[in-house]
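The values are calculated or read from the model by the stated rules, or taken from the named source; none is laboratory data. Quick caveat, the model's predicted, so the values are computed rather than measured. Cβ placement follows ideal geometry from the backbone for every residue including glycine, while neighbour counts extend to all protein chains displayed. For the accessible areas, the whole protein counts, side chains as well, though only heavy atoms, and no ligand, DNA or RNA atoms are used. Shrake-Rupley method; radii C 1.70, N 1.55, O 1.52, S 1.80 Å.
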Amino acid sequence: MEGNRSPTGGSGEVTAILFKGRFDPWHRSDKTGFSKTGYVTKTGVVIHPRRSWIARTPLAKIMRRSHHLIEIPSHPRAAQIETFFTQNAINNSLYVAGITAIGDATSHFWNHPIKIPLLTPISSEEHEGRWVRMLGVLQKGDAIFTLDTRSIISRIITYFDQGTWSHVATYSGDGQILEAIGSGVVERSIEAYHDPRYRLGVYRIPSATPEKIGSYVALMRSRVGDRYSYRKVLLVGIRLILGIWPTGAARHTTPNMLITRAGYDLIEIV
């Protein structure tokens, strides 16, 4: 890689930008003198950390401050990397995973570059077509992430969780799902989400064996009837509102963070 002070040059397909951090207490600089790494899209937008969030800032604005550009146009996964940074709702954990994976062109991470998709409106007819397609690909153990487009609470969750989805269920087979809802942990028909108001994402762990999937579904079934943990949700919500991004224990995993932590691949979008 070669240092460059210009935002253009070469094919410009993949560009990393480093910021000096002397005026940013949230991101202290290391021995290189820089504190943050951002991605410059082909449209001239820089995707970079800002406190506990991931921001999108015009390159022209970033160029006013001290910076250093490193162009890597020959990266073999250039197209997938561009797709990843421009077509995902990127949170902190997903951002770090993407930046790290750039150093490994052979990583399976790039086989499915869309992880937390930026949803666009679809017609009722398109929704029905996608629903039928989804039913055809579902496998036992798949995670079904959801967004209720008519729910203010659902929108609030996605905002503070910095992602697309507000809830997750597990497909247990035979048209049934296991999930925690207001009344507690239940197993019910997937038809509960057969409505255009719901947007769905089907995810799968490629390395999961049938034995592990069976054990996980059995564990979820054993919890049917358990009360919904409002206290846990409230505590995680407070942390997100305060800008404290959950780390460490799995009990602090949020819906959109789970996708990165579990290594899910996106299989289908409804």
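Given the options Lys115, Lys140, name the one that is touching a helix residue (DSSP H, G or I) at 6+ places or on another chain (Cβ under 9 Å), in contact (Cβ under 8 Å) with a residue 60 or more places away in the chain and open to solvent by 30 Å² or more (accessible area, probe 1.4 Å).
Lys140
Quick check on my filter: what residues within segment 198-222 are open to solvent by less than 70 Å² (accessible area, probe 1.4 Å), of a type outside the set (Gly, Ala, Ser) and touching a strand residue (DSSP E or B) at 6+ places or on another chain (Cβ under 6 Å)?
Tyr198, Arg199, Leu200, Val202, Tyr203, Arg204, Val217, Met220
Which is touching a residue at least 40 places away in the same chain (Cβ under 8 Å), among the polar types (S, T, N, Q) and on the phi < 0 side of the Ramachandran plot, of Thr106, Thr86?
Details: Thr106 fails: touching a residue at least 40 places away in the same chain (Cβ under 8 Å).
Unique residue meeting the criteria: Thr86.
Would you tally the residues in segment 123-136 being open to solvent by less than 50 Å² (accessible area, probe 1.4 Å) and either free of Cβ contacts under 8 Å to residues at least 24 places away in the same chain or among the aliphatic types (A, V, I, L, M) (or both)? Show your work before the answer.
First, the residues of segment 123-136 that are open to solvent by less than 50 Å² (accessible area, probe 1.4 Å): 127, 129-131, 134.
Next, from what is left, pick out any that are either free of Cβ contacts under 8 Å to residues at least 24 places away in the same chain or among the aliphatic types (A, V, I, L, M) (or both): 129, 134.
Residues meeting the conditions: 2.
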